[in-house]
Structures are given as structure tokens and as C-alpha cells.
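Below is one structure, written out as C-alpha cells; comments come after it.
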């Protein structure tokens, strides 16, 4: 078996838009105090993981999250963060900053299902994203293909750099970005649930395939008293 490499995908900590249930794609709000503490707990749980590289998006919430995690990591002082805009969250167009439930209600109205829950259950992620773009009055929201080509470009850069090195690579990104990415890369991951803030999903890449080792993991969190 090839040595491969292992990707640790970390969702950023809770932000104020998360707390207020606002659509947050390319718009930026800082982490809440609770968000920072959850990230620190996650970082403590990852303290013994000897990361060989660390990447974030170019949005401040992922950079702040990664900085806290590396503060808790035994090897963190040696690490340099590398921002990659390719891993940004989905862009929600003119819906940025709007109420989450109201926004998805408009998408559901366009798709014609009896409820948002039914829409999510009966449609694929690409169908939902394409409908989201159509529902955006300005049509600026990303459709699936636009999003995928962007994120795939970033992933290919990392594969080219880290394949067959045995490296452990941390990527701090966003809930939808990580979930949609893994939904398309990992065959055994069907209908993945939304990711919790500061959660970790681990994927090993070898022999040209992605193998899921953990998804939406928060059981590693360690508080100060631990």
C-alpha cells in the first residue's frame, strides 16, 4: 500500500452569524467566546497529532480557529498557516447575512416541496445549490459546478504536494465546504449530516482514493480540567 497522506478537516468555531442563525458564506464575523473555547477544547484533543502542514481559507474565522488549535498543539509553534481561498465557504450571493430559515424557505418554495426538511431529504446537494442560485434575485450565489471547480482546484494542489509523504495535513475550513467535498470524494459517506463547529473529519488518501476515518468528531474535545 502507498504511504499516502491524511487530511484533518476542521470546521471553524462558532461565529456571531452562526449564533444569530444568519447565512454566512463569504461574509465574515468573528468567533464568539463560546466558539473560541470550543476550538481550544478541540485543539487540546488534537495536541498530540504531529501535523506536517496547516491550511486555512482566507477568511478570518478559519485563521482564528487554526491559530488557537496550533497554540494547543505540541508541534504548533513550528507550524506556518497557509491561507487558500479555494476552500472558502459556499457564496450565498444576495442571501448573505439573511435569516437561515427564511432563506431556505425561499429555496424550498422554488423547488416545490411541502417543507424544507422534505426538500433536503428528497434532493441532492447539487440540486439544492443550483436552486439556491436560481432563488437568489441577483443569481450571484454559487451553483454546484462553480463551487466544485473552485474547491477541487485547491484539493488537487494539496494532493500534488502531499501525496505519498505520510504527512498529516490540517485544513481548517467551513461546514458546507467540508461536507460537500467529502460527500463527493468518499463513497461510503452518504447523506452526511451538517458539521458541528470545531468538529474534525479525517480522511486518508492512498492508492488514488479517499478513505474516511472520522466524520463530525467532537468526542476528542478536552477542557482545562481534563
I'd like the orientation of helix 175-185 relative to the chain: the angle between its Cα long axis and the longest Cα principal axis, in ° from 0 to 90, rounded to 10. 80
Debye equation applied to the C-alpha atoms of the stretch 93-141, log10 I(q)/I(0) at 0.26, 0.29 Å⁻¹: -0.98, -1.17
Computed lengthening from residue 122 to residue 16, 0.36 nm per intervening residue step minus Cα-Cα distance: 35.1 nm
Percent antiparallel among DSSP beta bridges confined to the chain, rounded to 5, stands at 50
Output ordering of 175-188, 106-119 (per-residue mean of other Cβ within 10 Å, highest first) is 175-188, 106-119
Could you check the spin-label model distance between residue 48 and residue 98? Points 7 Å from the Cα along Cα→Cβ, value in nm. 4.8
Percent RCO, i.e. relative contact order, over the chain, from Cα pairs under 8 Å lying at least 6 residues apart: 34
Dividing the helical contributions, -39500 (n - 2.57) per DSSP H run of n ≥ 4, by the residues of the chain yields a 222 nm value, nearest 500 deg cm²/dmol, of -12500 deg cm²/dmol
How many angstrom lie between the Cα centre of the stretch 156-181 and the Cα centre of the stretch 57-115? 15
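Values quoted throughout were computed directly from the atomic coordinates according to the rules given, and no laboratory measurement underlies them. What you see is a predicted model, and the numbers here were worked out from it, not measured in a lab. With ideal geometry, Cβ positions are generated from the backbone for all residues, glycine too; neighbour counts draw on all protein chains shown.
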